[in-house]
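Dropping a structure here in structure tokens format, bear with me for questions.
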Amino acid sequence: MNDRALARATLARQYLMERADVTALEAVSHLAGLQAQAPVPPYLALWARLKNFAAEDLSTLIENRHVVRLVAMRGTVFALSVADAATFRGTVQSIMERDLHTNTAHRAALTGMDFEALAQAGRELVSEGPLTQMQMRPLLADCFPDRAPEGLAHAVRGLLPMVQVPPRGLWGRSGAPALTTLEDWLGTEVDLTPRPDALVLRYLAAFGPASVKDAQAWSGLTRLGEVFERLRSSLITFKNENGTELFDLPDAPRPDSGTPPVRILAPFDNILLSHADRSRILDKQYRSQVFTVNGIIKPAVLVRGQVAGFATVSTTGESAWLAVTLFAQQSKTVIAAIEREGRSLLKFLHPAISARDVSLDRLT
């Protein structure tokens with residue numbers, strides 16, 4: 001299976017071959033969550049994928065507790081449907097537990113710690129109302145006076161499935177990430193039983209075809225080979241251009257033709273972070289242009305299913321503009337499509353600003 005076919009397959013199930021006519025909640029679920037370490041990217045990810053998406057659609061889901069923001073895959077914050085939150089977090093809990101023993105910044109504070117007692121203390125603290133980590137620190141220090149409070153608060157976030165409650169994550173609003181447990185936020189007990197087989201199947205539905213290493217890159221888990229072996233009889237397999245074995249769901253979409261449209265992705269878009277081998281959509285020579293040394297992942301511009309550049313949004317006074325940097329010369333048709341998509345993005349981001357402009361340049 002060549003890279004173009006892989007790109008079409010992944011883009012189709014990521015709603016990037018054609019914007020999908022589904023609800024925001026259906027999209028969050030189908031996409032196996034949205035990368036959400038910053039408040040705005042989940043909205044831009046849905047804007048790029050859905051027909052008639054309004055920012056209030058996701059804000060309302062978060063306010064009404066149908067979507068939650070919590071640490072999950074790769075130990076980073078995701079926006080997940082409530083139906084997925086416990087299963088996904090429970091399955092990747094080992095990542096957070098591993099961090100408690102390997103995080104160099106907090107090793108001194110956590111070495112020899114009674115984590116069960118710490119988790120219980122954290123649970124009791126937030127049962128009276130959500131707290132930021134800064135607010136937790138002195139309260140945890142009272143419980144464990146011989147430990148650095150920064151390390152204690154960090155550990156509580158890893159030991160317990162902690163939700164970032166609104167207004168954090170709401171469109172046009174701001175707020176420090178105040179935390180409470182998933183159970184308290186939903187008002188019900190949650191089942192955190194690890195279900196790696198189910199997680200792998202959901203991953204393939206959103207990002208396949210994919211290798212074992214790809215699934216490990218997306219989830220942050222290791223030793224998923226045994227999971228794929230258990231599932232092998234229910235999956236189909238391919239080989240990519242390098243001879244790596246890829247797995248997929250038998251009935252997942254794999255278009256054999258079609259030209260992917262121009263799309264401007266969200267910062268930290270999960271499609272760029274969910275494969276060990278990103279060559280299906282990102283040429284490795286351009287990775288450093290999109291992935292910066294300080295951990296920022298720029299809004300990528302897709303042309304014919306490949307990352308062809310990146311974008312930067314700026315505002316000043318009553319003007320907003322999108323500066324697009326392309327890696328190579330593009331046709332007039334593609335340039336026009338990028339400009340249309342860029343103006344649409346600016347309208348979504350800044351509906352009250354009428355002066356919107358899109359500029360294009362070549363990487364030098």
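Write down the radius of gyration of the stretch 155-207 and its Dmax, each obtained from C-alpha positions, in Å.
14.5, 38
Moving on. Report ³J(HN,Hα) in whole Hz for each residue of the stretch 237-248, in order, from the Karplus equation J = 6.51 cos²θ - 1.76 cosθ + 1.60 where θ = phi - 60°; Gly and Pro get x.
10, 9, 10, 7, 5, 9, x, 6, 6, 10, 10, 7
Can you give the direction-averaged projected area of the convex hull of the alpha-carbon atoms in the stretch 212-349, in nm²? Mind showing how you got there, number by number?
Details: hull surface 43.7 nm².
Value for the stretch 212-349: 10.9 nm².
Does the stretch 191-255 come out rounded, prolate or oblate by the C-alpha gyration tensor, with a ≥ b ≥ c the root eigenvalues, rounded set by a/c under 1.5 and, if not, prolate when a/b is larger than b/c and oblate if not?
Values: a/c = 1.75, a/b = 1.43, b/c = 1.22.
The shape class here is prolate.
Right, next: Pop out the ³J(HN,Hα) list for the stretch 187-203 in order, Karplus 6.51 cos²θ - 1.76 cosθ + 1.60 with θ = phi - 60°, rounded to Hz; leave Gly and Pro as x.
The phi angles translate into x, 7, 5, 10, 9, 9, 4, x, 9, x, 4, 5, 5, 4, 5, 5, 4 Hz.
Among 239-245, 29-35, how do they line up by average Cβ neighbours within 10 Å per residue, starting with the highest? Before the final figure, lay out the partial values.
Details: 239-245: 12.4, 29-35: 23.7.
Going from most to least packed, we get 29-35, 239-245.
Check the straight Cα-Cα distances from Lys51 and name the aspartates and glutamates below 15 Å, setting aside those fewer than 8 residues away within the same chain.
Glu18, Asp21, Glu26, Glu341
Any idea of the accessible area per residue across the chain, 1.4 Å probe, to the nearest Å²?
Working: 16330 Å² over 364 residues.
Value returned for the chain: 45 Å² of accessible area per residue.
Between the stretch 186-233 and the stretch 293-364, what is the C-alpha centre distance in whole Å?
Using only Cα atoms, the two centres lie 34 Å from each other.
State the answer as a single residue: which of Met134, Gly305, Gly90 lies farthest towards the positive end of the charge dipole of the chain, with beta carbon charges of +1 for Lys and Arg and -1 for Asp and Glu, about the Cα centre.
So the residue we want is Gly305.
Take the solvent-accessible surface of the protein heavy atoms, probe 1.4 Å, and return the percent of it on the chain that carbon and sulfur atoms account for. Could you put the intermediate results ahead of the total?
Working: 8140 of 16330 Å².
Percent of accessible area from carbon and sulfur atoms in the chain: 50.
Turning to a different aspect of this structure: Quick one: grab the alpha carbon gyration tensor of the stretch 299-364, order the square roots of its eigenvalues as a ≥ b ≥ c, and give me rounded if a/c is under 1.5, else prolate or oblate depending on whether a/b is larger than b/c. Present the calculation step by step, with values, prior to reporting the outcome.
Details: a/c = 2.21, a/b = 1.87, b/c = 1.18.
Prolate, since a/c reaches 1.5 and a/b exceeds b/c.
Still on this model: In terms of modelled amide H atoms, which long-range or inter-chain residues lie less than 5 Å from the amide H of Gly220?
Arg74
Let me ask something else about it. Excluding same-chain residues fewer than 8 positions from Lys239, which lysines have a Cα within less than 30 Å of its Cα?
Candidates past the 8-residue exclusion: Lys213, Lys284.
Also: Determine the calculated [θ] at 222 nm for the chain from helices alone, applying -39500 (n - 2.57) to every DSSP H run no shorter than 4 residues and normalising by the residue count; nearest 500 deg cm²/dmol.
Value at 222 nm, helices only, nearest 500: -11500 deg cm²/dmol.
Using each residue's phi in the stretch 297-306, evaluate 6.51 cos²θ - 1.76 cosθ + 1.60 at θ = phi - 60° and report the 3J(HN,Hα) Karplus result to the nearest Hz, with x for Gly and Pro.
With the stated coefficients, the stretch 297-306 comes to 10, 6, x, 8, 9, 9, 10, 6, x, 10 Hz.
If packing is taken as the average count of other Cβ atoms within 10 Å, what order do 176-183, 111-118 fall into, highest mean first? Mind showing how you got there, number by number?
Values: 176-183: 19.9, 111-118: 12.8.
Sorting 176-183, 111-118 by mean packing, highest first, produces 176-183, 111-118.
Using Cα-Cα distances under 8 Å and only pairs 6 or more residues apart, what relative contact order does the stretch 51-176 have, in percent? Spell out each step's value before the answer.
Details: 133 pairs, mean separation 38.2, N = 126.
For the stretch 51-176, the relative contact order is 30 percent.
Further question on the same structure: Output the 0 to 90 degree angle, nearest 10, between the alpha-carbon long axis of helix 93-102 and the longest principal axis computed from the alpha carbons of the chain.
It works out to around 70 degrees.
Quick one: putting +1 on the C-beta of Lys and Arg, -1 on the C-beta of Asp and Glu, what dipole do you get for the stretch 1-147 around its Cα centre, in Debye to the nearest 20? Before the final figure, lay out each step's value.
On the way: 15 positive and 16 negative charges, 120 e Å.
With Lys and Arg at +1 and Asp and Glu at -1, about 580 debye.
Quick one: angle between helix 149-159 and the longest Cα principal axis of the chain, in degrees between 0 and 90, rounded to 10, please.
70 degrees
Compute the acute angle (0 to 90°) between the alpha-carbon long axis of helix 3-13 and the principal axis of greatest extent of the alpha-carbon atoms of the chain; round to the nearest 10°.
60 degrees
To continue, here is another question. With just the Cα atoms defining each centre, how far is the stretch 115-168 from the stretch 10-87? Give it in Å.
If we compute the Cα centre of each part, the gap is 27 Å.
A further question on this structure: Which translational diffusion coefficient, to the nearest whole µm²/s, is obtained for the chain from the Stokes-Einstein equation, given a Kirkwood hydrodynamic radius over C-alpha pairs, 25 °C and 0.890 mPa s?
On the way: Rh = 21.7 Å.
Translational diffusion coefficient: 113 µm²/s.
Rounded, prolate or oblate: which one fits the stretch 1-44, using the alpha carbon gyration tensor with axes a ≥ b ≥ c (rounded when a/c is under 1.5, else prolate when a/b beats b/c, else oblate)?
Values: a/c = 2.55, a/b = 1.69, b/c = 1.51.
Note, shape of the stretch 1-44 comes out prolate.
Per-residue accessible area for Ser319 at 1.4 Å probe radius, Å² rounded to 10?
Near enough 40 Å² of accessible area.
The values are calculated or read from the model by the stated rules, or taken from the named source; none is laboratory data. Quick caveat, the model's predicted, so the values are computed rather than measured. Quick reminder, even Gly has a Cβ in these numbers, built from the backbone with ideal geometry, and neighbours come from all protein chains shown. What goes into the accessible areas is simple: the full protein's heavy atoms, side chains included, and nothing from ligands, DNA or RNA. Shrake-Rupley method; radii C 1.70, N 1.55, O 1.52, S 1.80 Å.
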